[in-house]
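Each remark here refers to the structure printed beneath this line.
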Amino acid sequence: MFYLSLIEHTLRLPPHILHLPVDEAIKSELETLFLDKVIAKLGLCISVYDIRSIKGGFIFPGDGASTYTVEFRLIVFRPFIGEIIVAKLKESDASGLR
């Protein structure tokens, strides 16, 4: 149901968050990119578990952002076929279930 997935991603940090410590800035940028998104053959991203390595810090010509290669682990929700999920329904409307 819940899995830890190891991912390597090339991340571009915009200049306005470079005042933060590098690991905090990278974690916040990873959260905005991945959380609440479904990645094919991986699952629904729930949380950034930890950052394993940070490499790079290159600034390409004509760009004010720094680019890092980050290896991190995500907690993902990936139910298997036939799994039964018990839940309570709060409301139902035209936009969906909650």
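The values are calculated or read from the model by the stated rules, or taken from the named source; none is laboratory data. None of these values were measured; they are calculated from a predicted model. Reconstructed Cβ throughout: ideal geometry from the backbone, glycine too, with neighbour counts over all protein chains shown. Each accessible area value is taken on the protein alone, full model and side chains, heavy atoms only, with ligands, DNA and RNA left out. Shrake-Rupley method; radii C 1.70, N 1.55, O 1.52, S 1.80 Å.
Estimated from helical segments only, the mean residue ellipticity of the chain at 222 nm is -4000 deg cm²/dmol, where each DSSP H run of four or more residues counts as -39500 (n - 2.57).
Determine the order of F34, F58, F77, F72 by accessible area, beginning with the largest, at a probe radius of 1.4 Å.
Numbers: F34 25, F58 135, F77 50, F72 0 Å².
Order by accessible area, largest first: F58, F77, F34, F72.
Using θ = phi - 60° and the Karplus form 6.51 cos²θ - 1.76 cosθ + 1.60, what ³J(HN,Hα) does each residue of the range 42-57 get, whole Hz, x for Gly and Pro? My calculation for the range 42-57 gives 10, x, 8, 6, 9, 7, 7, 6, 7, 10, 7, 8, 10, 10, x, x Hz in order.
Round to the nearest 10 and give me the degree value, 0 to 90, for the angle of helix 22-34's Cα axis relative to the longest principal axis of the chain. Approximately 40 degrees, to the nearest 10.
Quick one: dipole size for the chain, taken about the Cα centre, charges +1 on Lys/Arg Cβ and -1 on Asp/Glu Cβ, in debye to the nearest 20. Walk me through the intermediate numbers first.
Numbers: 11 positive and 12 negative charges, 53 e Å.
I would put it at about 260 debye.
So which of K37/K88; K27/K55; K41/K90 end up more than 26 Å apart by C-alpha?
Details: K37/K88 23 Å; K27/K55 14 Å; K41/K90 29 Å.
Listed pairs above 26 Å: K41/K90.
Can you tell me, using C-alpha contacts under 8 Å and at least 6 residues apart, the relative contact order of the chain as a whole percent? That works out to 36 percent.
Residues whose amide H lies under 5 Å from that of L20, counting only those 5 or more places away or on a different chain, are absent; hydrogens are built 1.01 Å from N in the peptide plane.
Classify the range 2-97 as rounded, prolate or oblate from the Cα gyration tensor: take a ≥ b ≥ c as the square roots of its eigenvalues, call it rounded if a/c is under 1.5, otherwise prolate when a/b beats b/c and oblate if not. The shape class here is prolate. By the equivalent-ellipsoid construction on the alpha carbon gyration tensor, the range 47-98 comes out with semi-axes of 40, 18, 9 Å, ordered largest to smallest. Accessible-area rank, largest first, for V22, V76: V22, V76, with all protein chains present and a 1.4 angstrom probe.
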